[in-house]
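Every number in this text was worked out from the coordinates using simple rules, so none of it is lab data. It should be emphasised that the depicted structure is a prediction, and the values quoted were computed from it without experimental measurement. All Cβ positions, even for glycine, are placed from backbone atoms using ideal geometry, and neighbour counts span all protein chains on display.
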Amino acid sequence: MTTTEPGTRVPRRGPAPVQGMGMLIGLLFLVLAALELMSGVTTGGGPRELFGVVAVSGVWALVHLLTGALAVFCTRSSRWAAWFLVVAGAGYALIGLAGLLPLPRPVTDVLPMNTAGVCLALAFGTAMLILGAGWLRRGPARRR
């Protein structure tokens, strides 16, 4: 049941669910970038790891920071949020798949990937693709 303003019969509309999910994912990426930049949270002398599990670097922190900021910006409309989720989800899924391949040393020095990082990229990418594509597939009559 939708809520109505007093004295009117027009339903009050709020943000679409895809906007909320986009905002949540954006804030998650911003927190991830902040944790990657903190010296006490990352460990290791050579390749740094977040909580001793996921390989991180300064470039990864920048990528996560830009992804989070773009996600927060794109949640202004449901269509932008859905397209962001599709495009960014495809990007992270491709990064996860590329992490399964033997990459040249200069690439792995800048963007280190370990098993946990590959699984994280594949999970984020797949979830974002499903959320965004599912929202775009809905008909306009059912959209909020």
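Observations
- I130, I95, I25 arranged by Cβ crowding within 10 Å, fewest neighbours leading: I130, I95, I25
- Choice from G40, G91, G26 with maximal GNM fluctuation in the chain (Cα, 10 Å cutoff): G40
- Spin-label pair T43/L101, simplified geometry with 7 Å Cα→Cβ offset, distance in nm: 3.3 nm
- Förster radius 30 Å - calculated FRET efficiency between L24 and L136, Cβ distance, rounded to 0.05: 0.95
- Among I95, A127, V63 the positive-end extreme of the charge dipole of the chain (Cβ point charges): A127
- Cα-based convex hull volume of the stretch 6-92 per residue, rounded to whole Å³: 110 Å³
- Helical runs assigned H by DSSP (4 residues or longer) give the chain a calculated mean residue ellipticity at 222 nm of -21000 deg cm²/dmol, each run adding -39500 (n - 2.57) before division by the residue total.
- Equivalent ellipsoid semi-axes - Cα gyration tensor, the stretch 60-144, angstrom: 29, 14, 8
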